[in-house]
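Notes follow once the structure below has been shown.
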Amino acid sequence: MARKQSKSSRTDSYKKKTWYSIAAPEMFGTHDIGATLADEPEKLIGRSVSTTVGQLTNDFSKQNIKLHFKISEVTAGAARTKFVGHQLTRDYIGSLVRRDSSRIDGNIEVVTRDGYRIRVKPTCMTINRAKASQVKAIRKSMIDVVSKRARKLDFARFTEEVVLGKLSAKIYRNTKNIYPLKRVEILKTEVNSEPNA
């Protein structure tokens, strides 16, 4: 039978812990995104943290974009993070889907100019149902745009284009002539590897 931890020992272990502020990466302005407790700073390394673009920028129209970070370094009571991906919230994605329209998804692994390998999942929503040949052409155009932008941009600039909707706008402009589109979004990104990792 497991022994119960006494209230005083739980209080003592809590007192030994220190609060660390958590900062977003430089590409997101190093804003504070929270705080966490730890008895040793090394135990924070690798811990996952999430927030929304709305919370980060105080623009609550962007609450549907979740950003994922990992703590990579701890110094002087502050935990620094690195960006590891983003995704749109499920309820927002659900609000985009309509009957009698086509949803065309992509799943692309790209490499940025500075060597980051990223999985990108864009989607195009058409106004009406598209033919199979049109779906194929839209998917090819979508993949071409994402791959070319990744090769041209470094990791920070590519991430900025994804999060701010610039990459979605480029896909829209390059694809709308194939078949009328209602919406283009980047559903999700995942950083698979870093240079020299």
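Structure notes:
Results for (1) at pLDDT 95 or above; (2) over 21 Å from the mean Cα position of the chain (by Cα); (3) in the same structural domain as ILE104 (by TED's automatic domain parsing), shown as yes or no for each residue.
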site: SER133; (1), (2), (3): yes, yes, yes
site: LYS136; (1), (2), (3): yes, yes, yes
site: ASP144; (1), (2), (3): yes, no, yes
site: PHE155; (1), (2), (3): yes, no, yes
site: THR159; (1), (2), (3): yes, no, yes
site: VAL162; (1), (2), (3): yes, no, yes
site: GLY165; (1), (2), (3): no, no, yes
site: ILE171; (1), (2), (3): yes, no, yes
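- Tabulated pairs, the stretch 174-191, first on the phi < 0 side of the Ramachandran plot, second surrounded by fewer than 16 Cβ atoms within 10 Å (Cβ to Cβ) and of a type in the set (Val, Ile, Thr), C-beta under 9 angstrom, 6+ apart or interchain: TYR179/ILE127; PRO180/ILE127; LEU181/ILE127; LYS182/ILE127
- For the stretch 45-75, the tally of residues that are acidic (Asp, Glu) and either modelled with pLDDT of 95 or more or not in a strand (DSSP E or B) (or both) stands at 1.
- Search result, residues across the stretch 160-181 that are within 23 Å of VAL53 (Cα to Cα) and not small (Gly, Ala, Ser): GLU160, GLU161, VAL162, VAL163, LEU164, LYS166, LEU167, LYS170, ILE171, TYR172
- Among the residues of the stretch 179-197, the ones that are part of a loop (DSSP other than H, G, I, E, B) and either outside the structural domain of GLY115 (by TED's automatic domain parsing) or surrounded by fewer than 20 Cβ atoms within 10 Å (Cβ to Cβ) (or both) come to 5 in all.
The values are calculated or read from the model by the stated rules, or taken from the named source; none is laboratory data. What you see is a predicted model; the values in this text were computed from it and never measured. Cβ: placed from backbone, ideal geometry, glycine included. Neighbour counts: every protein chain shown.
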